[in-house]
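Here is the structure we will look at, set down as structure tokens.
The values are calculated or read from the model by the stated rules, or taken from the named source; none is laboratory data. Treat the numbers as computed from the prediction; the structure is a model and nothing was measured. As a convention, Cβ positions derive from the backbone with ideal geometry for all residues, glycine included, and neighbour counts pool all protein chains shown. The area values use the complete protein model at the heavy-atom level, side chains included, leaving out ligands, DNA and RNA. Shrake-Rupley method; radii C 1.70, N 1.55, O 1.52, S 1.80 Å.
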Amino acid sequence: QGSMHCSFCPFLLCLCVQNLLSEKVDQMMEWSSRRSVVRMNGDKFRRFVKAPPRNYSVIVMFTALQPQRQCSVCRSANEEYQVLANSWRYSSAFSNKLFFTVVDYDEGADVFQQLNMNSAPTFMHFPAKGKPKRADTFDLQRIGFASEQLAKWIADRTDVQIRVFRPPNYSGTIALALLVSLVGGLLYLRRNNLEFIYNKTGWAMAALCVVFAMTSGQMWNHIRGPPYAHKNPQNGQVSYIHGSSQAQFVAESHIILLLNAAITMGMVLLNEAATSKGDVGKRRIICLVGLGLVVFFFSFLLSIFRSKYHGYPYR
């Protein structure tokens, strides 16, 4: 009778574990049926993500979406995350082996403290068995947060293949059509006087504007969506230059654009002073102004570079 009792205990324990696991899976499936990304607070995270038993993988986005946090990157990353979660939720391969969740700092600050997490957004994979490894944290800084890159990372960690389906966005097509219509209408109205098309100065200015925009980091701003500047909540000091070489503010790219424009203007004046055939005194003044612009603003540009790349030896 004693041996029967001992063998019966593991059976009951196994039955309880199976029932608990079934309840957790059913609850996660119910939440996922309502929305593709399940919102988690501290209690839900510890029960459904951290605590065993669990036979499903969980992708968690740790973020700070509240307006007072002013995390524009979090909003952009959340949009890509929603696209990926919807692609999985409405695909024919959808199953209870993978769930997408989110923990917002204002709803689960204790989770951030428990994981020693001090930055957002962060993507982590919690495997069905065992604890997360280093590769289970998505390398956001190096890869970016596009849905396709997240799907590739998830496939590496879980063997679950997700084909990303993006909702159609016609805003770019409409904007391009309006631009073409505007340019076409302008050319039609001035069809008898099209000399401006051959204006080299106009084309040069347009080309310089594109170059200044690209070299100042406007494309990076468009992809990452950084804040315009940073205000220190403790002393109220506003920073326009990011201290890291891996990031920048929108104001910083504007400053770099103006510095590059000033340096270019100085080079143009130097070239004008060297090639024109006007008065020598006037050319000398133009040369000094151009030289001053190049030296002063290039020095300013280099000082910003040195502040971001600590240890840069030249000045």
Breaking point among (1) more than 17 Å from TRP153 (Cβ to Cβ); (2) open to solvent by less than 30 Å² (accessible area, probe 1.4 Å), for ASN118: (2)
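Quick one: is GLY290 touching a residue at least 24 places away in the same chain (Cβ under 8 Å) and either in contact with a helix residue (DSSP H, G or I) (Cβ under 6 Å, 6 or more places away or on another chain) or not in a loop (DSSP other than H, G, I, E, B) (or both)?
Details: touching a residue at least 24 places away in the same chain (Cβ under 8 Å): yes; either in contact with a helix residue (DSSP H, G or I) (Cβ under 6 Å, 6 or more places away or on another chain) or not in a loop (DSSP other than H, G, I, E, B) (or both): yes.
So GLY290 passes the test.
One residue is enough: does the stretch 269-280 have a residue meeting the conditions surrounded by 11 or more Cβ atoms within 10 Å (Cβ to Cβ), touching a residue at least 24 places away in the same chain (Cβ under 8 Å) and more than 30 Å from ALA120 (Cβ to Cβ)?
yes
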Does the stretch 226-257 hold any residues that are over 15 Å from GLN70 (Cα atoms), exposed (fewer than 13 other Cβ atoms within 10 Å of the Cβ) and of a type outside the set (Gly, Ala, Ser), and which are they? GLN234, ASN235, GLN237, GLN246
Could you please tell me which pairs satisfy a Cβ distance under 7 Å, a separation of 6+ or placement on different chains, a first residue in the stretch 87-105 that is open to solvent by 40 Å² or more (accessible area, probe 1.4 Å), and a second residue that is among the aromatic types (Phe, Trp, Tyr)? PHE94/TRP88; ASN96/TYR56; LYS97/TYR56; TYR105/PHE112
Anything in the stretch 66-75 that is open to solvent by less than 40 Å² (accessible area, probe 1.4 Å) and part of a loop (DSSP other than H, G, I, E, B)? List them, or say none. CYS71
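Scan TYR170, TYR198, TYR188 and give me the residue that is open to solvent by 40 Å² or more (accessible area, probe 1.4 Å) and closer than 24 Å to SER72 by Cα.
Details: TYR198 fails: closer than 24 Å to SER72 by Cα; TYR188 fails: closer than 24 Å to SER72 by Cα.
Result of the check over TYR170, TYR198, TYR188: TYR170.
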Qualifying residues in the stretch 55-74 (those that are touching a strand residue (DSSP E or B) at 6+ places or on another chain (Cβ under 8 Å) and closer than 13 Å to SER119 by Cα) - the one modelled with the lowest pLDDT: CYS71
Residues to consider are VAL102, VAL49; find the one that is among the β-branched types (Val, Ile, Thr) and part of a helix (DSSP H, G or I). VAL49
So which residues in the stretch 52-65 are crowded, with 18+ Cβ neighbours inside 10 Å and free of Cβ contacts under 8 Å to residues at least 60 places away in the same chain? THR63, ALA64, LEU65
